[in-house]
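Everything below concerns the one structure shown next.
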2 protein chains.
Amino acid sequence: MTQPGFSGTFTKEFETLLRWRRDVRHFRRDPVPAPVLDGLLATACLAPSVGLSEPWRFVRVDDPARRHAVREDFARCNAEALAARDGSDAGDYARLKLAGLDDAPHHVAVFSDNDPAQGRGLGRGTMPQTTTWSTVMAIHTFWLAATAAGVGVGWVSIIDPAHVAGMLDVDPEWELVAYLCVGYPQDPSDTPELQRRGWERRDPARQQWIAR
Amino acid sequence: MTQPGFSGTFTKEFETLLRWRRDVRHFRRDPVPAPVLDGLLATACLAPSVGLSEPWRFVRVDDPARRHAVREDFARCNAEALAARDGSDAGDYARLKLAGLDDAPHHVAVFSDNDPAQGRGLGRGTMPQTTTWSTVMAIHTFWLAATAAGVGVGWVSIIDPAHVAGMLDVDPEWELVAYLCVGYPQDPSDTPELQRRGWERRDPARQQWIAR
């Protein structure tokens, strides 16, 4: 077969997509239409997976009581993270308003089934984490597809994953990889919020190859 | 700011990119020009990272002795994986020719610095794996950018990561996440090689939301 050529225009627009793929924290409250959400999930399933095992499990958390419980878990973990930091860092940290959990119209928990029958174990003998990593790439694909559709995604990692997994009543063997807030962004930007707020900036050294 | 709108044409072409992003095993031997490789790395650095920590460390493995040692490690691990399987599976497995290690003009090892100063620890208190997962998303971004440039990438996971990390003489704290073969693909396809060879196929159930 012959791979379709991707034009310079596409490559530039793809880079623009990567630049606007932000970790969104501020959401409008209007919902994303169901067919759009379904399309994002279908696109996410084009992600690579070890042995073609597709270990990702996308869970929509719609139940208000469950969403509230996750929010409380975040609030507790965030307070503990703040308490563990000294003054100035902690101040910056508090100002970051890490969660769009209250406003985002959709919550999506993404789990990894780390011992799936699908894929017949191929490729994960010496590096079993490749299963979880496949799920991470599906999340990243979902995120990029969402950005292209004008939908924002925020990845909340300041939670107790085992605790949140328990609240969601899924297969106890599944690993919680991400808890995502999904909705239209209130204030899109091509600059990471952490950079805009002076938390951190990119390091140009990362763009240099290390030679061996 | 206003996010640039992504056209339907772009979205379709992006889906085409995802469909042609293959795990390449068969490479042409001609090298990829250095400016192209540099551009792929620069694009990879647009990946998300927890706390903007950019934990990825991209290492080009050019030394023939080192490349040979990695190849030997793969051969040993692959033989062990084969020995652990029963007849029919093992036959399929052997036919997959999992490594493009001999032909690919470039080898890239990607490590994760899992305790970086950059990012000041933000977001990884309760989920420390988010650092490694950031590196996984940089690898995925590299892979997509490569596909857009007509360059193939094959992710070799049938190696002993600690052993290979030792051969490459990097910071002993870094975690080896991927060993990539990089070069122009011999026989591009939009269908996973594992599916073409009857190993496994995608499961349409993955495209359904699980509701909670």
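The values are calculated or read from the model by the stated rules, or taken from the named source; none is laboratory data. Please read all numbers here as calculations on a predicted model, not as lab measurements. Note: ideal-geometry Cβ built from the backbone for every residue, glycine included; neighbour counts use all protein chains shown. To get the accessible areas, we keep the full protein, side chains included, count just its heavy atoms, and leave off ligands, DNA and RNA. Shrake-Rupley method; radii C 1.70, N 1.55, O 1.52, S 1.80 Å.
For this structure, a couple of remarks:
- Answer from B:GLU72, B:GLU15 - the residue that is within 19 Å of A:PRO4 (Cβ to Cβ) and acidic (Asp, Glu): B:GLU15
- Residues (surrounded by 15 or more Cβ atoms within 10 Å (Cβ to Cβ) and within 30 Å of A:TRP199 (Cα to Cα)) located in region B:5-19: B:PHE6
- Yes/no for A:ARG22 being within 29 Å of A:ARG196 (Cβ to Cβ) and either surrounded by 21 or more Cβ atoms within 10 Å (Cβ to Cβ) or in contact with a Gly (Cβ under 6 Å, 6 or more places away or on another chain) (or both): yes
- The numbered conditions (1) under 21 Å from A:VAL177 (Cβ atoms); (2) among the hydrophobic types (A, V, I, L, M, F, W, C); (3) not in a helix (DSSP H, G or I) are all true for A:LEU37 except (3).
- Near pairs, Cβ below 6 angstrom, 6+ apart or cross-chain, from region B:135-153 (within 19 Å of B:LEU101 (Cα to Cα)) to any residue that is open to solvent by less than 10 Å² (accessible area, probe 1.4 Å) and assigned to a strand (DSSP E or B): B:ILE139/B:VAL110; B:ILE139/B:ALA178; B:TRP143/B:VAL153; B:ALA146/B:VAL153; B:VAL153/B:LEU180; B:VAL153/B:VAL182
- For region B:50-59, the count of residues that are among the hydrophobic types (A, V, I, L, M, F, W, C), over 19 Å from the mean Cα position of the chain (by Cα), farther than 23 Å from A:HIS140 by Cα and open to solvent by less than 60 Å² (accessible area, probe 1.4 Å) is zero.
- Of all residues in region B:190-212, those that are hydroxyl-bearing (Ser, Thr, Tyr) have Cβ atoms under 9 Å from Cβ atoms of residues that are exposed (fewer than 15 other Cβ atoms within 10 Å of the Cβ) and outside any helix (DSSP H, G or I), 6 or more apart or on another chain, in B:THR191/A:MET1.
- For B:ALA79, the conditions (1) more than 9 Å from chain A (Cβ to nearest Cβ); (2) modelled with pLDDT of 75 or more; (3) more than 27 Å from B:THR141 (Cα to Cα); (4) surrounded by 14 or more Cβ atoms within 10 Å (Cβ to Cβ) all hold with the exception of (4).
- Looking only at region B:201-212, and only at residues there that are assigned to a helix (DSSP H, G or I) and at the interface with chain A (Cβ under 8 Å from one of its Cβ atoms), the one that is surrounded by the most Cβ atoms within 10 Å (Cβ to Cβ): B:ARG206
- Subset of region B:1-34 that is charged (D, E, K, R) and not in a loop (DSSP other than H, G, I, E, B) - its residue that is farthest from the other protein chains (Cβ to nearest Cβ): B:LYS12
- Listed by position, the helices (runs of 4 or more DSSP H) enclosed by region A:87-175 that each have at least 1 residues that are more than 28 Å from B:ALA83 (Cα to Cα), modelled with pLDDT under 95 and within 8 Å of another protein chain (Cβ to nearest Cβ) are A:87-95.
- Taking the criterion of being facing chain B (nearest Cβ under 7 Å), open to solvent by 30 Å² or more (accessible area, probe 1.4 Å) and assigned to a loop (DSSP other than H, G, I, E, B), the only residue of region A:191-200 that qualifies is A:GLU200.
- Any hit, region B:63-75, residues being facing chain A (nearest Cβ under 7 Å), at pLDDT 95 or above and farther than 17 Å from B:CYS181 by Cβ: no
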